[in-house]
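Below you'll find the structure, written out as structure tokens, and then a few comments.
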Amino acid sequence: MRIALGADHAGFELKQKIKAHLEQQGIKVADEGTASTESVDYPDFAKKVGEAVAHKQADLGVLVCGSGIGMAIAANKVSGIRAANVSTEYEAEKSREHNDANVIAIGARILDEQKAFTIVDTFLKTQFAGGRHQKRVDKIAEIEREELRTGK
């Protein structure tokens, strides 16, 4: 498994801890930045992670900012990305199981390190259930295709 990982300045320290946590489990991590706590713009890193996942350079993505909200919004602008802002294990599980989310965004100002690890681990181990959920994910993809075709 290969994970694309990105953060802004608010999420930098937690991103570094998540990276070490994943690598200790033998998971390959593509660190898409940022490289410090110096102020940066979160959309730049959400785009990098989103594109890595959309272009199959990574299986899934994890984004960290202050709240997770901005990262999720920005990542969802990348075609093919279904990013969920999560703050509980339940949300991480259901975002994968029911929505086939391929990116999660978490908040470094909301979660402590251990909770973040548990959420990321839950997200990575959960599989998409398919079945009745597949048609809903297909409808999401159709909305995206319509937007691309019509430019509306």
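Please treat every number below as a calculation from the coordinates, not as lab data. Since we're looking at a predicted model, the values are computed, not measured. Cβ sites come from the backbone with ideal geometry, for glycine too, and all protein chains shown count toward neighbours.
Of note:
- Using alpha-carbon coordinates, inclination of helix 132-150 to the longest axis of the chain, degrees: 80
- For the residue pairs 19/48; 17/47; 15/115; 94/125; 48/125; 28/77, alpha carbon separations beyond 18 Å are given by 17/47; 48/125; 28/77.
- Rounded tilt (10° steps) of 12-24 against the dominant C-alpha axis of the chain: 80
- Per-residue ellipticity at 222 nm from helix content only, as computed over the chain with -39500 (n - 2.57) for each DSSP H run of at least four residues, stands at -15000 deg cm²/dmol.
- Most fluctuating residue given options 84, 20, 105, as computed from a GNM of the chain linking Cα atoms under 10 Å: 20
- Ordered by the number of other Cβ atoms lying within 10 Å of each residue's own Cβ, fewest first, 132, 145, 2 fall into the sequence 132, 145, 2.
- Ranked list, fewest to most other Cβ atoms within 10 Å of each Cβ, for 32, 23, 89: 23, 89, 32
- Between helix 42-54 and the chain: long-axis angle, C-alpha atoms, 0 to 90°, nearest 10: 60
- Top of 97, 113, 38 by mean-square fluctuation, Gaussian network on the chain, Cα under 10 Å: 38
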